[in-house]
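Before any comments, here is the structure.
The values are calculated or read from the model by the stated rules, or taken from the named source; none is laboratory data. Note that the structure is a prediction, hence the values are computed from the model and not measured. Quick reminder, even Gly has a Cβ in these numbers, built from the backbone with ideal geometry, and neighbours come from all protein chains shown.
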Amino acid sequence: MGARLPARLPAPRRRRRAPGRTPRARRHRDGVRAGAPGGRRAPRHARRPRARARRRPPQHLAGRAGLGGRGRARRRRRRGRGRDRGAGIVYARTHRHAEALADALTDAGRPPLVYHAGLARRVREDAQDRFLRGDADLVVATSAFGMGVDRPDVRFVLHAGPPTSLDALYQEVGRAGRDGDDALAVLFYRPDDFGLNHYLRSGGGSRPATLRAVLTAVRKSPGTREDLAERSGVSARSLSRALGALVAVGAVEEHDGVLAPTRTDGRPPSVEAVVKAVAAEREHAQAMDRSRVELVRSYADTSDCRRRMLLELLGEDHPQRCGRCDACDAGTSVDVDEAPLRAGQAVEHREWGAGTVSVVEAERVTVLFDERGYVTLDTTIALDAELLVPVEE
């Protein structure tokens, strides 16, 4: 986006290496850095930070577009060297991506821990424990690195590509600056990165033949999952996915571990009608997922206040600029106290029906529609052409 980043953030003092301690200069292929320290004083983040009364958020939010391949890796390495003395998390998009970033950082002299679901459980737990204890200050991880991660002195969180939803971004950014000191959260992305997000969120649905086999078995005779798997000839995993889809459309119900056709007053719908209903439900879910991916794109491309966009998506009215993002630094964000729409307001679209305002920006509004998902519209055009009409309360 071209907006400048703030000057180097204050960071905790570097610990002196204990006598005989092995330099942290290598990383094992299993994701754990060589040179685990022995006995020493408590890590700096374990010593309680001084309480500070401040109203402004500690994280400075930013987005960086247009770099690809080695150029993007070089900028991440330079930015990491600028904050060598602070703990940080780099979020990768896939297992392979995490390993590649870890290798690049190791080559640049900043070997990290690695955490992703492709590693053995023991390796993952060891990496997380070392990071939380302060034995290591840098970790490259996928979104699997999350629950239970509460280290106060994380000075930066870098996303090496857009996450699949703004909810995930908000949670991961929130792991920086928990001690109240300044921290940095940067999203690096290229326009074609969002194609992978669409793929990652698309998932896999049950095949029509699997749905037919499972529903026929249930209607023939109710049973447990094990019984239905044997009678339908479907694997346990495929059976679970198919049953979830059938329950979602109201064709099957479960009581005390026994699955049976949903009770109806009249004749139940045909098997083919149920299969079509599952397909329609899946299409709707995919439309919602696509809209969530596009909402991340809107966040990445916005020239308005980033924190307002995040908070309003989560249901909090936030008309003022945060003063702690690259858009506010560049002067492109504005207060929207007098905006014609507000977050949480009910609206009606001429084509897409009822919706709820999620995010209000200076010139755009993002609305969540029941059938279409999140849609970003030009506020002036949508209101003047009466495409979007506020609902009177």
- Identify, by number, the condition in (1) at pLDDT 90 or above; (2) surrounded by fewer than 19 Cβ atoms within 10 Å (Cβ to Cβ); (3) charged (D, E, K, R); (4) closer than 21 Å to Leu310 by Cβ that Arg201 doesn't meet. (1)
- Task: Report yes if some residue within the stretch 260-271 is outside the structural domain of Leu61 (by TED's automatic domain parsing) and closer than 30 Å to Arg56 by Cα; otherwise report no.
- Result: no
- Note on the structure: In the stretch 319-358, anything under 30 Å from Glu386 (Cβ atoms) and in a strand (DSSP E or B) is listed as Ala346, Val347, Glu348, His349, Gly353, Ala354, Gly355, Thr356, Val357, Ser358
- Task: Answer yes if at least one residue in the stretch 152-162 is surrounded by fewer than 22 Cβ atoms within 10 Å (Cβ to Cβ) and either farther than 27 Å from Ser358 by Cα or acidic (Asp, Glu) (or both), and no otherwise.
- Result: yes
- Item | Listing of helices (runs of 4 or more DSSP H) fully contained in the stretch 180-299 that carry 2 or more residues being in contact (Cβ under 8 Å) with a residue 40 or more places away in the chain and closer than 30 Å to Leu377 by Cβ | 193-202
- Name the one entry in Asp103, Asp150, Asp126 that is under 24 Å from Asp179 (Cβ atoms), outside any strand (DSSP E or B) and among the charged types (D, E, K, R). Asp150
- Residue ID - nearest to Leu61 (Cα to Cα), chosen from residues in the stretch 163-189 that are among the small types (Gly, Ala, Ser) and buried (at least 19 other Cβ atoms within 10 Å of the Cβ): Ala185
- Item | Close pairs (6 angstrom Cβ cut-off, 6 or more residues apart or separate chains): touching a residue at least 24 places away in the same chain (Cβ under 8 Å) and of a type in the set (Lys, Arg) in the stretch 323-347, surrounded by 13 or more Cβ atoms within 10 Å (Cβ to Cβ) and in a loop (DSSP other than H, G, I, E, B) anywhere | Arg324/Pro57
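For Val278, indicate whether it is hydrophobic (A, V, I, L, M, F, W, C), in contact with a Pro (Cβ under 6 Å, 6 or more places away or on another chain) and crowded, with 18+ Cβ neighbours inside 10 Å.
Against the criterion (hydrophobic (A, V, I, L, M, F, W, C), in contact with a Pro (Cβ under 6 Å, 6 or more places away or on another chain) and crowded, with 18+ Cβ neighbours inside 10 Å), Val278 does not qualify.
Looking only at the stretch 300-318, count every residue that is among the small types (Gly, Ala, Ser) and either outside any loop (DSSP other than H, G, I, E, B) or within 27 Å of Asp192 (Cβ to Cβ) (or both) and tell me the total.
Result for the stretch 300-318: 2.
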- Just one of Ala136, Ala98 is surrounded by 19 or more Cβ atoms within 10 Å (Cβ to Cβ), touching a residue at least 24 places away in the same chain (Cβ under 8 Å) and assigned to a helix (DSSP H, G or I); which is it? Ala98
- Whichever residue in the stretch 372-389 is of a type in the set (S, T, N, Q) and in contact with a Lys or Arg (Cβ under 7 Å, 6 or more places away or on another chain) and, among such residues, is nearest to Met288 (Cα to Cα): Thr376
